[in-house]
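> First the structure, then my questions, so here it is.
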Amino acid sequence: MQATAFPTRTLGLCILATCVAAMAGCGGGGSIGVTVGGGGSGPPPPPPPPPILDPIYLASAASPFTTNCDGVAANGDVLYVNAEVEPYVVVDPQDSQRLVGVWQEDRWRGGGARGVISALSQDGGRTWSRQPMAFSRCGGGSTVNGGDYPRTSNPWVTVGPVGVFYESAISYSGGLLAQGSASAVLASRSIDSGQTWQNPATLIRDVNGFFNDRDAITADANDASFVYAVWDRIAASGGGPTMLARSTDGGSHWQTARAIYDPGPLNQTISNEVVTLPNGDVLDLFVEIDTIGSGTSAAIGVLRSTDHGATWSAPIKVADLLSVGTVDPDTGARVRDASIIPQMAVAPDGKLYVVFQDARFSNGNHDAIALVTSIDGGTSWSAPVRVNSTPSVAAFDPSIHVRANGTIGVTYYDFRNNTSDTSTLPTIVWLARSDDAATWRENAIAGPFDLDNAPDSTVSGSPGLFLGDNQGLTSTGNVFAPLFTQTNNGNTSNRTDIFSAPAVSLTTDFNLMARARITTVQPTRRFLWTQEFAQKVSGNLGDAMELRLPGWHAMVSRWQQRAKSSTP
């Protein structure tokens, strides 16, 4: 594997002509033109019979929020009361039966939710107690405790080596990037194993012209003193650097937020996530979106710190991000998926794994679940391999976790059980497991359920069926414990709930294909990078950002025009 650093101030994607002329010569471990796992497009086979499932357990409950608790008018937006989305989960290192999860409660069509729910399980994910977080007014936020915001989103949770939990979220008011708007990243701490939470600390608060987005919080696994929160800070005037706030005293206090990587005024980062390695190094995973020229491109990268986040390396390229996004195969309606949101996990021996959506395995026809590996602490990365076992249908929203014994787990959704009925979209949640990142055993977690019943995330008339930008995956002992969103078929008053499934990795009957599929990474082959493929990737990046930040296209156009007018 060859380490590749990004060019100065831009991560970059290989140019079309270069990649067609020299297929193996573009970029780092995940660059265009490398050999990749097999698979292909073509008409899907008849759907298989519904899978046999292990038990799943309801984690969410009816909304605890009262009418108009946010104190603002809807102004034509649509509120999905009782709709929970976007969960994340961690396990207490001191008690493998204690899990803490978070999710959005009461999703708005126009973005964000009325609140964030923190949930505690003390029996490995079978039963849950829930409480609102003071990240918003509906959750108990006020001017006194720092949570005086009508909307909140992107909840994240982490736990330190001595069992102290931390949660973070973005909270905001007003029109995004508009005059009179406010945008903040908040964090809270629990010192009693997730039973109660302290008032939120404000890691950053901006007014007028900035939007802080896609936060993640990570407690250092090696040193209980250090906690890291990262996010991107988009400016209406241009750019979106990676921001870091750090605590050196276990979350009692936070240092002033600062930029640790700035890709330039025409580019931005998103999907930052910190992990800590067994040797003490700290890595930040991110996606860089470059808007130079007529198209938009993206790549995945990492930054490294060897001094607990005080200083950071130049970016190292992980892979080009070649997602084309997910759509309803019957109607073409968009699914708001994780196409710009990879996840990273660390094995006990220090190996690193990153999963992401990518269309290279079907030459740009649809997304699959890609995985890359680093055995040298993120300095170099393998070529992507395909994880999902059915290459003929779209797969999306991957999450990853590595158990203490080194077993890799990846959850995702796909449409392999879809039918010709255009009024429904049968969807299944899968867990794939591997000991070597090459051979995968796959079990259905839940479904089929009708994705068409999910909350809509419509922007400018373009729908986006929404289960969340991420799902959660951890383990309790030798058992993977997913925390995921599923729709309630036909129930428009309670469109989605959050479920846990802490038993699927106990399945041993791998000979029953209805219960488990076994897939080995296929012989590698090249993929064809065409102008059409490039346009689909560029279009998906723009659409994905427009769904997150209405007006993003127009804002980028202003960035580019300003850059042209200032060029000598």
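> I'd like to know if segment 359-376 contains one or more residues that are open to solvent by less than 10 Å² (accessible area, probe 1.4 Å), on the phi < 0 side of the Ramachandran plot and among the acidic types (Asp, Glu).
For segment 359-376, residues open to solvent by less than 10 Å² (accessible area, probe 1.4 Å), on the phi < 0 side of the Ramachandran plot and among the acidic types (Asp, Glu): present.
> Something else now. Among (1) at pLDDT 95 or above; (2) in contact with a helix residue (DSSP H, G or I) (Cβ under 9 Å, 6 or more places away or on another chain), where does Gly111 come up short?
Result: Gly111 passes all but (1).
> Looking at the structure I just gave you, is Ile289 open to solvent by less than 10 Å² (accessible area, probe 1.4 Å), within 15 Å of the chain's Cα centre (by Cα) and at pLDDT 95 or above?
no
> Looking at segment 243-286, which of the residues that are in contact (Cβ under 8 Å) with a residue 60 or more places away in the chain, of a type in the set (A, V, I, L, M) and touching a Ser or Thr at 6+ places or on another chain (Cβ under 6 Å) is surrounded by the most Cβ atoms within 10 Å (Cβ to Cβ)?
Taking the candidates together, the pick is Val282.
> Here is a further query. Give the number of residues within segment 377-397 that are open to solvent by less than 10 Å² (accessible area, probe 1.4 Å) and not in a loop (DSSP other than H, G, I, E, B).
Total satisfying the criteria: 3.
> Looking at segment 106-210, what strands (runs of 3 or more DSSP E) fall wholly within it and have at least 2 residues that are closer than 28 Å to Ala235 by Cα and in contact with a Leu (Cβ under 8 Å, 6 or more places away or on another chain)?
Here the list reads 165-173, 182-190, 201-207.
> May I pose another question? Arg517 passes all but one of (1) more than 30 Å from Arg130 (Cβ to Cβ); (2) part of a helix (DSSP H, G or I); (3) modelled with pLDDT under 95; (4) not hydrophobic (A, V, I, L, M, F, W, C); which number fails?
Among (1) more than 30 Å from Arg130 (Cβ to Cβ); (2) part of a helix (DSSP H, G or I); (3) modelled with pLDDT under 95; (4) not hydrophobic (A, V, I, L, M, F, W, C), the lone unmet condition for Arg517 is (2).
> Please find, among Pro342, Pro348, the residue that is open to solvent by 30 Å² or more (accessible area, probe 1.4 Å) and either under 27 Å from Asn279 (Cα atoms) or among the charged types (D, E, K, R) (or both).
Pro348
> Kindly provide the set of residues from segment 431-452 that are open to solvent by 10 Å² or more (accessible area, probe 1.4 Å) and either under 22 Å from Val354 (Cα atoms) or small (Gly, Ala, Ser) (or both), ordered by number.
Passing the criteria: Arg433, Asp435, Asp436, Ala437, Ala438, Thr439, Arg441, Gly447.
> What number of residues in segment 401-456 are in a strand (DSSP E or B) and more than 24 Å from Arg334 (Cα to Cα)?
12
> Let me ask another. Among the residues of segment 307-350, write down those that are of a type in the set (A, V, I, L, M), in a loop (DSSP other than H, G, I, E, B) and modelled with pLDDT of 95 or more.
Those that are of a type in the set (A, V, I, L, M), in a loop (DSSP other than H, G, I, E, B) and modelled with pLDDT of 95 or more: Ala310, Ala314, Leu321, Leu322, Val324, Ala338, Ile340, Ile341, Ala347.
The values are calculated or read from the model by the stated rules, or taken from the named source; none is laboratory data. Quick caveat, the model's predicted, so the values are computed rather than measured. Every residue, glycine as well, gets a Cβ built from its backbone with ideal geometry; the counts of neighbours run over all protein chains shown. Note: areas computed on protein heavy atoms with side chains; ligands, DNA, RNA excluded. Shrake-Rupley method; radii C 1.70, N 1.55, O 1.52, S 1.80 Å.
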